[in-house]
Every structure is written in C-alpha cells, then in structure tokens.
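Presented below is the structure to which this report refers.
The values are calculated or read from the model by the stated rules, or taken from the named source; none is laboratory data. Since this is a predicted model, take the numbers as computed values, not measurements. As a convention, Cβ positions derive from the backbone with ideal geometry for all residues, glycine included, and neighbour counts pool all protein chains shown.
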Amino acid sequence: MAKKDMAVTISAADRLLERLTDPLHRQIIENYRRHAILEVCGEWEGIFAPDMTVEVPEYYFNFTGMDGVRAVGDEVKEIYRALSTGDATVILVEDENLLVDDWGFASYSFFNHYMRGTNLASRGIHGYDPEGYYVLREQFAMMWPYDGRGRMIGEHVFENKPNQQILEIAPEDFLTVADARARLLPMLRPLPVYDPTTRQATVG
C-alpha cells in the first residue's frame, strides 16, 4: 500500500462546491471542508469557533469503540482533545458521496484511520502488535445537522460494521499528523461571511 494523498479527504467537498450555487448549501459544505482539515491536523479548537459550530453541539456515535455514545457541549471537546493527545486524528476519507440541503448534509464514505497497535487497543480492538502500523478502514453513514447560519449543530455517525477492515501497512506508508498538516493546512481557507437574513454570502 503506497502512501496516500491526504487531500483526498476533502475532494468530495471540493467537487460538490464546483456545482453548488445556493449560498446556504455552499456555507454548509465549506464548513464541513474546514472542519475536516482542522480535525485531521489536530487543530480541533478551531472547529468550535463561533462561525463554525453552535454553542452547545450534540454528537451521537455508533461505531467500534464508541457504540451508543451521546456527547453534548464540553463533552464533545473532550473527545477531540483525547484524540489529538493520542495522535489518533489522522483520517483519510475515500469514496465519499455527499448530499446537502437546508437542514445539513449526509455523507456515505470510507474512513481510513491511521493507527498504531496501541490505538487499536484503545478502541477495544486487540490481538495486534502494539508497535505495528495499521489502517482501520470503516464505512460510515453520517448526518450532520446545521442551523440557519450554516453552523454545525452536531454529528450523527453510524458504522457499517460488516465492511470493517484492519490493514497492516509498512511504516513508510503510515500517514502522520505532520503529513496531514503539511498537505492540508495550506488548503485551509476562511469561511465565507453568510447573512441568513438575505441568504447571501461574501468571501471573508
């Protein structure tokens, strides 16, 4: 397995933005694109900027290691902080299909989590070399609701568990936070300034 390009993670959002014309829908997808970059680069605090996320976000997780988990407000921030501290933020999203409307967006994709064996164990997946290099590949259906200002209200994440794979890879093919930052941070851009009263946006 050759080392993959982290920019694939935002490619579905970029393709959709090429044809979206509705300002609110564009704001939602620009928000998602920015969120993805900040998350995988370990810059999670930026996700909670006032123009990005509502004051009290609400998340629902239904996937390996976080089955039936509801997190609200500061609990959500603690999840991001723990992932960042554990160097478990590097996710490459592939084969993503996106659908957006006024309520938010839906996504169906494969998440490739770059993890050491110790990271797998922390998710309840045992029997792997703690020092090994792995990709935890999961198929997710997600629904993210947004408010009328184009701010994320929360995440609803569901795993199609029969399609889960754990792939051992060579150390030289392992993507790190440094790799993600080098590739994606230059592609980070400010959100447009969206006015819900006129349903118009201007580039900030």
Residues being among the small types (Gly, Ala, Ser) and out of contact with any Phe, Trp or Tyr (no Cβ under 9 Å at 6 or more places or on another chain): count how many of those fall in segment 80-136.
-> 6
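How about segment 146-175: which of its residues are closer than 21 Å to residue 34 by Cβ and either part of a loop (DSSP other than H, G, I, E, B) or free of Cβ contacts under 8 Å to residues at least 12 places away in the same chain (or both)?
147, 148, 149, 150, 151, 175
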Flag for residue 201 being under 19 Å from the mean Cα position of the chain (by Cα), aliphatic (A, V, I, L, M) and within 23 Å of residue 34 (Cβ to Cβ) | no
Strands (runs of 3 or more DSSP E) completely within segment 1-116 that count 1 or more residues being closer than 17 Å to residue 180 by Cβ, of a type in the set (D, E, K, R) and in contact with a strand residue (DSSP E or B) (Cβ under 8 Å, 6 or more places away or on another chain) | 91-101, 104-116
Considering segment 30-51, residues that are over 12 Å from the mean Cα position of the chain (by Cα) and hydrophobic (A, V, I, L, M, F, W, C), and then whichever is surrounded by the fewest Cβ atoms within 10 Å (Cβ to Cβ), we arrive at 49
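If we keep just the residues of segment 40-97 that are polar (S, T, N, Q) and touching a residue at least 24 places away in the same chain (Cβ under 8 Å), which is nearest to residue 109 (Cα to Cα)? Working first, answer last.
To start, the set of residues in segment 40-97 that are polar (S, T, N, Q) comprises 53, 62, 64, 84-85, 89, 97.
Filter once more, keeping what is touching a residue at least 24 places away in the same chain (Cβ under 8 Å): 53, 62, 64, 84, 89, 97.
Working: 53: 22, 62: 15, 64: 16, 84: 22, 89: 17, 97: 6 Å.
So, considering only residues that are polar (S, T, N, Q) and touching a residue at least 24 places away in the same chain (Cβ under 8 Å), the one nearest to residue 109 (Cα to Cα) is 97.
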Going by the structure shown, is residue 195 of a type in the set (Asp, Glu), within 30 Å of residue 55 (Cα to Cα) and without any contact (Cβ under 8 Å) to a residue 60 or more places away in the chain?
-> yes
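Just to verify a result, which residue in segment 69-92, among those that are more than 24 Å from residue 131 (Cα to Cα) and not charged (D, E, K, R), is nearest to the chain's Cα centre (by Cα)? Full working, then the answer.
Within segment 69-92, the subset more than 24 Å from residue 131 (Cα to Cα) is 69-78.
Going one step further and asking which of them are not charged (D, E, K, R), we end up with 69, 71-73, 76.
Numbers: 69: 17, 71: 16, 72: 17, 73: 18, 76: 13 Å.
Taking the candidates together, the pick is 76.
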Give just the number: which of (1) modelled with pLDDT under 95; (2) under 20 Å from residue 14 (Cα atoms); (3) crowded, with 16+ Cβ neighbours inside 10 Å does residue 204 not satisfy?
-> (3)
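Could you please let me know if residue 26 is farther than 17 Å from residue 151 by Cβ and of a type outside the set (A, V, I, L, M)? Working first, answer last.
On the way: farther than 17 Å from residue 151 by Cβ: no; of a type outside the set (A, V, I, L, M): yes.
Judged against the criteria, residue 26 is not a match.
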